[in-house]
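What follows is a set of notes on a single structure, which appears directly below.
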Amino acid sequence: MVDERFEPKIVAFLCNWCSYRAADLAGTARIKYEPNVRMIRVMCSGRVDPTFVLKAFALGADGVMIAGCHPGECHYLEQNYKAMRRFNMLKHTLKAMGVEEGRIRLQWASAAEGVQLASAINEMVDQVRELGPLNWAQNWHEDGEVEAAIQRIEEEHAEVMEVPA
Amino acid sequence: MRYGYYPGCSLSGLARPYDMSTKAIAEPLGIQLEEVEDWNCCGATEYFAVNKMAAYALVGRNLANAAQQKSFTDLVAPCSACYVNLRKTDHNMGKYPKLAQKVNKALEAGDLSYDPGTLQVRHLIDIIVNDIGYDAIREKVKEPLKGLRIAPYYGCLIVRPELGEPLDDPEYPMSLDLLMEALGAQVVDFPLKAHCCGGHMTQISSDTAYELIRRLLHNAAEYDADAIVTLCPICQLNLDAYQSNINRHFGTDFKIPILFFTQMIGLALGMPPKSLGIGKEFVSAAAMLRKIGTEPELEAAPTGKKQDDKSLPMPGKREG
Amino acid sequence: MSEKVGVYICHCGSNIAGVVDVEDVAKFAGEQIENVAVSRDYKFMCSSLGQELIEEDIRKEGLTRVVVAACSPHLHEKTFRRACANAGLNPYLCHMTSIREQVSWVIEDKAVATEKAKAMVAAAVKRVELHEELEPSEVPVNPNTLVVGGGITGIQAAIELADAGYPVYLVEREPSIGGHMAQFDKTFPTLDCAACILTPKMSDVGSHPNIHLLSYSEVEDISGYVGNFHVRIRKKARYVDEEACTGCGICIEKCPKKVVDDVFEAGMGYRKSIYRPFPQAVPNWPVIDTESCTYFERGKCKACEIFCPTEAIDFEQQDSYIDIDVGNVILATGYDLFDARKVPQYGYGRLANVFTSLEFERMCNASGPTEGKIVLRDGITEPKSVAIIHCVGSRDENHNPYCSSICCMSALKFGHLVMEKTDAEVTSFYIDVRTSQKGYEEFYNRLLEEGMHFVRGKAAEITDAARQPGEEGKLIVQAEDTLLGKQRRVPVDMVILMSALEPKADAKDVGLQFGISCSMEGWFTERHPKLDPVATMTDGIFVAGVAQGPKDIPASVAQGAAAAARVQGMITAGTVEIEPIVATIHEEICSGCKICNNLCPFNAIEFLEDKEVSYVNAALCKGCGTCVAACPAQAISGAHFNNDQIFAEIGGILYDAIGGNGAKAPAKSKEPAPA
């Protein structure tokens, strides 16, 4: 019988300038890393709306990585600091929702750090594998109201984020 | 401020003046020292070379005892070797969990244990310059050490940086220089300030040790130092007790008193020399004391540059 | 109406097809993803035949969207966008996904790789369906150029542009242009005199009809965007009327106050309170240093005013501001020298006869404080032995990890000058001797022939504490000779420290001001380290010279000229395309909370007081999307990366986890591996 170990699905948001290039470099250098990670390019780690992370979890991701340029090296000067702040709040929120801290990771990777990005991915995959499946998606699916549930999250999120006039 | 106090063997033996003067200046500087109960030897510089595990356990016992007292978080060691050993043990137990495990296993025999990081191990000079501060000391000075030319000697132990943040610049420390300046003394440039005094080499290979000691004395004499001020009992012992041996061995004529920085602070605070343990040293400090007792000679005021002076300006010294 | 998507899976020879079952992926896309009209795999999509395949399908099959699964978009996104445009499809309706760098090159298991490729293709299709047609906008380019920094790099750039007929504003912080090169005596490896080659260029700048030289000035503020920058320059008060001054220099002669010159003479010589840095200064109007001037200190003296034949002295002068419009900016702000006091064991500042490289340059210079004589700090004694210490503050993890690149050659030059002008023995203490440019290795060989000594080992300490006979009164360099495997003590009369080149103290602030980034150390970051060395990530801002990283004079000049050429290209084109990846604010949704206003580092968001909403200036926006993510009302949309597109992409990429596109039944509670 084949090994039935759990293979988590991890969605990674990579900034266009450093981290996506680090992924390019990992490829060019033929550095093998865990295939469980699937990457989405954004222009800057500052673009990562917390909703993206929630959406990924809601659609079945077991972990989410946000990767950006090192502090002080942001292509947009300082937007990765904003990502960092947002990340801390998000981690807090997710904890309140029962999502373990190990399922989300903020990783700095410069365009020269293919090796570092790959090993961070490996580390995270191991960690999430340890934590087991998140199964958020299934919870809603059993209700048969996946889309509605997701829609609700977004609405609630928008409501929560709304600043009173 | 309240600190744990680990005097170590030296301060209860050969370096009793260091202990006396430390205790004497503690009160006026607002330092409360609480001695670690039932402390034992730190193993000095040798034991770690003989049996590492036993040495760590030996030091670990002191840390465990100190931590038990709970009335302080900072543990002060005036002796450089004690300071390094205590700090090294605390640091390495934190860094290598296996070591901490083994040390604690050994300590179990005496119903003790130590959790690394509980105590902050600090050298006496560290709390005086950083917790009390130069300015506060300057304000307390009653009898400035005006006119005294002092060579500040740090020795090789306390500035070595392997245990986290170094206490001072490892190559060219300045804290003792600035402290002596705050006391009103004139600090001479002492290039060998962080070089080795030979340590216990005097017992093993006196030729090696004598050469190292001679260099230090020679360098201080070259700068016309009235005294070498140190913060380590071994340094004090080597430079003081072996000075006459050096003179015999090399045919030199050094007469430089070697004092502890705490004694200098005491003098500047106006305490009687005897209460600071001054008078117990082999090379008499009498001439130096007379110098602060009498009106110090004024240096000739700097005259303007002469017309034909071709000398180039010196770059300023680094601040701080 | 649903879109017709064309999916193209590239084999990249065997690079992709060797690991990914490309036919299976193409089949999957064609059969299982909605709205895919055409799905093909092809050997080399980027070849002209591959591109034609896409173009033909767009024309014949009426594709409205294109997905290319191949290499990284950083490589070929432009290629495929162009192919789409050729066939009449808006280029932004094409999307690339990287199944080479992210799949075939990093995964060994074929089945797993194929599954990941499928997910990525699904994500790309879901995303591309929501793409919008975008048009890059075009703006005119102002033919004026601002060059910041009047060292040799800035001078070269300014002259190149001015000679080509374009107006240049050259801003220099110091009273004169010339930079560090003006302080040097000789230049390696040819040993031609620095002043002889530099001063003609300086006077060219001073007299060129196309160059507006603004010395003793600094950039106060810059706004605008590529082709259209508005710059405010602060002209510091010189207290000398430039119109009236003839540069005769009588004021300098009569000034009674003499101070150490820390800038031009590197602290080795003196200047007056009213001064020009050096006789050949351009411009040659003097400046009053208010910090040392007796009049500014005590309210009387005015010797300069009394003796000035043209009444040019003006104690009431104030800083003035000049506003200019330029199309491009070249930053050539140079470097600072590492403060050797930070290596206290070398004794600089404490031991009189330890000199820095810049001090020694001034000493060698015939117009310097010693008129070119090499002497000890007493100003008279010629040294009999000199040690040169390499890598002071460079290649040192306590200070700067990088190699300062020029010091080895400068050290060789110094060795030559010492031996030429004195009878001294010269010993160099080096880690490695790096002489990699044209004629450099030959120069090294020449010095070996001339008898310069080389000790391979980093000096541990420089001390005046004598230990052995022959050391008294000398400076002793202690070092491990790593070739002999022995400690050595070399007594010398003089030591020269080859201090590292460091970014200007305010480089990071300047970077922020001009909207470009710096490396960890503070060197300006170029757009691409190999293929785009003088452009930056901010369009219209170019960097050149040492400000971008340590380099020697030939390389600096080459970069200055390269930056000028790039600017000329921009000016000649006349207009510049601006990427349409920008944020827009929907006025009807915006509540005017202003949260986004302070988030933008490019000041692209302004608040419209009349409408009480925020507004993004598309020309300033760089498209990072931070404001989009931050807007609590989701009133901001980031073109090409809007929420819907990214949500669709997330859905696609997790298609096998849950019914993102209905391609597969949702998995059971125990999710099997993608393989």
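The values are calculated or read from the model by the stated rules, or taken from the named source; none is laboratory data. Since the model is a prediction, treat every value here as computed from it, not as a measurement. Note that we place each Cβ from the backbone using ideal geometry, even for glycine, and neighbour counts take in every protein chain shown.
At a glance:
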{"read-out": "Matching residues in region A:75-94 - criterion: being facing chain C (nearest Cβ under 7 Å) and not polar (S, T, N, Q)", "value": "A:His75, A:Tyr76, A:Leu77, A:Glu78, A:Lys82"}
{"read-out": "Evaluation of A:Val163 against (1) modelled with pLDDT of 90 or more; (2) in contact with a Ser or Thr (Cβ under 8 Å, 6 or more places away or on another chain); (3) facing another protein chain (nearest Cβ under 9 Å) (one fails), failing number", "value": "(1)"}
{"read-out": "Qualifying residue in region A:55-65 (condition: without any contact (Cβ under 8 Å) to a residue 12 or more places away in the chain and facing chain C (nearest Cβ under 7 Å))", "value": "no"}
{"read-out": "Matching residues, region B:148-167, being surrounded by fewer than 21 Cβ atoms within 10 Å (Cβ to Cβ) and not hydrophobic (A, V, I, L, M, F, W, C)", "value": "B:Arg149, B:Arg160, B:Pro161, B:Glu162, B:Gly164, B:Glu165, B:Pro166"}
{"read-out": "Helices (runs of 4 or more DSSP H) within region C:108-221 that include 1 or more residues within 14 Å of another protein chain (Cβ to nearest Cβ) and surrounded by fewer than 23 Cβ atoms within 10 Å (Cβ to Cβ)", "value": "C:110-129"}
{"read-out": "Listing of strands (runs of 3 or more DSSP E) fully contained in region C:419-465 that carry 1 or more residues being among the aromatic types (Phe, Trp, Tyr) and within 16 Å of C:Ser394 (Cα to Cα)", "value": "C:425-430"}
{"read-out": "Residue list for region C:170-229, restricted to those being β-branched (Val, Ile, Thr) and under 28 Å from C:Met570 (Cβ atoms)", "value": "C:Val171, C:Ile177, C:Val205, C:Ile211, C:Val219, C:Ile222, C:Val226"}
{"read-out": "Within region A:74-132, tally of residues that are touching a His at 6+ places or on another chain (Cβ under 8 Å) and outside any loop (DSSP other than H, G, I, E, B)", "value": "2"}
{"read-out": "First in region A:83-99 and among the aromatic types (Phe, Trp, Tyr), second anywhere and outside any helix (DSSP H, G or I) and at pLDDT 90 or above, Cβ under 6 Å, 6 or more apart", "value": "A:Phe87/A:Leu106"}
{"read-out": "Which numbered condition C:Gly415 misses (of (1) buried (at least 19 other Cβ atoms within 10 Å of the Cβ); (2) of a type in the set (Gly, Ala, Ser); (3) within 12 Å of chain B (Cβ to nearest Cβ))", "value": "(3)"}
{"read-out": "Criterion: more than 16 Å from B:Ile256 (Cα to Cα) and either within 11 Å of chain C (Cβ to nearest Cβ) or of a type outside the set (Ser, Thr, Tyr) (or both) - qualifying residue of B:Val188, B:Val159, B:Val229", "value": "B:Val159"}
{"read-out": "Any pair with Cβ under 7 angstrom, 6 or more apart, that starts in region C:71-99 at a residue that is more than 14 Å from chain A (Cβ to nearest Cβ) and ends at one that is of a type in the set (Phe, Trp, Tyr) and crowded, with 21+ Cβ neighbours inside 10 Å", "value": "C:Cys94/C:Phe80"}
{"read-out": "Residues located in region C:604-615, provided they are within 14 Å of another protein chain (Cβ to nearest Cβ) and either surrounded by 14 or more Cβ atoms within 10 Å (Cβ to Cβ) or among the small types (Gly, Ala, Ser) (or both)", "value": "C:Ala604, C:Ile605, C:Val613, C:Ser614"}
{"read-out": "Listing of helices (runs of 4 or more DSSP H) fully contained in region B:172-278 that carry 3 or more residues being more than 16 Å from the chain's Cα centre (by Cα) and farther than 21 Å from B:Lys23 by Cβ", "value": "B:201-204, B:206-222, B:243-250"}
{"read-out": "Hits in region C:505-526 - residues which are within 19 Å of A:Cys18 (Cα to Cα), among the small types (Gly, Ala, Ser) and either in contact with a helix residue (DSSP H, G or I) (Cβ under 8 Å, 6 or more places away or on another chain) or not assigned by TED's automatic domain parsing to the domain that holds C:Val226 (or both)", "value": "C:Ser517, C:Gly522"}
{"read-out": "B:Asp115 assigned to a loop (DSSP other than H, G, I, E, B), of a type outside the set (S, T, N, Q), more than 27 Å from B:Asp168 (Cβ to Cβ) and without any contact (Cβ under 8 Å) to a residue 40 or more places away in the chain", "value": "no"}
{"read-out": "Every pair of residues 6+ apart whose Cβ atoms lie under 9 Å, when the first sits in region C:595-612 and is on the phi > 0 side of the Ramachandran plot while the second is among the hydrophobic types (A, V, I, L, M, F, W, C) and at pLDDT 90 or above", "value": "C:Glu612/C:Cys590"}
{"read-out": "A:Cys18 vs. criteria touching a strand residue (DSSP E or B) at 6+ places or on another chain (Cβ under 9 Å), buried (at least 24 other Cβ atoms within 10 Å of the Cβ) and more than 7 Å from chain C (Cβ to nearest Cβ)", "value": "yes"}
{"read-out": "Matching entry among C:Glu135, C:Glu108 (being in contact (Cβ under 8 Å) with a residue 60 or more places away in the chain, charged (D, E, K, R) and more than 30 Å from C:Asn35 (Cβ to Cβ))", "value": "C:Glu108"}
{"read-out": "Residue satisfying all of: in region C:325-372; more than 14 Å from chain B (Cβ to nearest Cβ) and among the hydrophobic types (A, V, I, L, M, F, W, C); farthest from C:Ala561 (Cα to Cα) among these", "value": "C:Ala366"}
{"read-out": "When residues of region A:22-50 are limited to those that are facing another protein chain (nearest Cβ under 7 Å) and assigned to a helix (DSSP H, G or I), the one surrounded by the fewest Cβ atoms within 10 Å (Cβ to Cβ)", "value": "A:Thr28"}
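Okay, residues lined up against (1) of a type in the set (D, E, K, R); (2) buried (at least 18 other Cβ atoms within 10 Å of the Cβ); (3) over 11 Å from the mean Cα position of the chain (by Cα); (4) at pLDDT 95 or above:
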{"site": "C:Thr482", "(1), (2), (3), (4)": "no, no, yes, yes"}
{"site": "C:Gly511", "(1), (2), (3), (4)": "no, yes, no, no"}
{"site": "C:Trp523", "(1), (2), (3), (4)": "no, yes, no, no"}
{"site": "C:Asp539", "(1), (2), (3), (4)": "yes, yes, yes, no"}
{"site": "C:Val543", "(1), (2), (3), (4)": "no, yes, no, yes"}
{"site": "C:Gln568", "(1), (2), (3), (4)": "no, yes, yes, yes"}
